[in-house]
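Please treat every number below as a calculation from the coordinates, not as lab data. Remember, it's a predicted structure, so these values are computed and weren't measured experimentally. Backbone-built Cβ (ideal geometry, glycine too); neighbour counts: all protein chains shown.
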């Protein structure tokens, strides 16, 4: 019988921490993707299973809330499970714990299925909607509403997609979008504050050597809204909101 939830354990490596010796938000996002991928494989709806139909998974939104970022060599335990579907989207949640099984964070995600040949989203196929969902999951809230739009950017940084930023689809790993969002902020924020939450909506894919502009605007002394655009055509790649403490 397929397990409706999955636990995945990770140890924070020295190359996964930031200047504060804490796991970076990129590291956390990669752990979540790895846990989601392991569970999808177990449920036989992983990338390899979808590729048999010329489909693949696309992450469209991710919200992460962290009470504590573990330090180097600390253990992170991730509990993940799908919580539901609608016509075009699949919803998956995560709870993060330390080695003592104390909760340190939560995350919500929204996924779609893309037809690789047509390059467009399709309705959630039956091989996915037929899986069993957990009967009594501890955290079932779905992402709702939209991320606030940037109005008057105050900060801006330029980035370029590197070869090792790419995934097996030859597109930028979506965790790097979070890096661009965070690095668009001024040094005093990055040095003196700690990220509490990030909510990002992915709009478009990027490829090798794309030049990216990250923009940010303060909405109060603890919050920012963000936008990523491609330099060449000014198309929006992502919207995001962050809170800090």
query = For the range 6-129, what mean projected area does the convex hull of the alpha carbons give, in nm²?
reply = 7.9 nm²
Linear extension gain, residue 231 paired with residue 19, 0.36 nm per residue minus alpha-carbon span = 73.4 nm
request  = Counting other beta carbons within 10 Å of each Cβ, put 159, 139, 224 in order, fewest first.
outcome  = 139, 159, 224
inquiry  = Between residue 67 and residue 53, what is 0.36 nm times their sequence separation minus the Cα-Cα distance? Round to one decimal in nm.
reply    = 1.0 nm
request  = Only Cα pairs under 8 Å and at least 6 apart count here; give the relative contact order of the range 77-186 as a rounded whole percent.
outcome  = 20 percent
task = Specify the inter-centroid distance of the range 179-232 and the range 84-111, based on alpha-carbon positions, in whole Å.
result = 22 Å
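Based on the alpha-carbon gyration tensor of the range 77-189 and its eigenvalue square roots a ≥ b ≥ c, which shape applies: rounded if a/c is under 1.5, prolate if not and a/b is larger than b/c, or oblate?
oblate
How would you rank 38-45, 236-243, highest first, on the average number of other Cβ atoms within 10 Å across their residues? Could you put the intermediate results ahead of the total?
On the way: 38-45: 18.0, 236-243: 21.1.
Order by mean packing, descending: 236-243, 38-45.
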request  = Would you mind telling me which residue in 74, 141, 126 has the biggest mean-square fluctuation in a Gaussian network model of the chain, where springs connect alpha carbons within a distance under 10 angstrom?
outcome  = 126
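Per the Kirkwood treatment, what hydrodynamic radius in Å, one decimal, follows for the range 155-244 from the mean inverse distance over all distinct Cα pairs? All intermediate terms of the calculation are to be shown ahead of the outcome.
Working: mean 1/r = 0.0757 Å⁻¹.
Hydrodynamic radius (Kirkwood, Cα only) of the range 155-244 equals 13.2 Å.
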P(r) of the range 61-103 over all Cα-Cα pairs, binned every 10 Å from zero, in whole percent = 23, 45, 22, 9, 0
task = Please work out how much length the chain gains when fully extended from residue 44 to residue 130, using 0.36 nm per residue of separation minus the C-alpha to C-alpha distance, in nm with one decimal.
result = 29.8 nm
Gyration tensor (Cα) of the chain, equivalent ellipsoid semi-axes in angstrom = 28, 23, 16
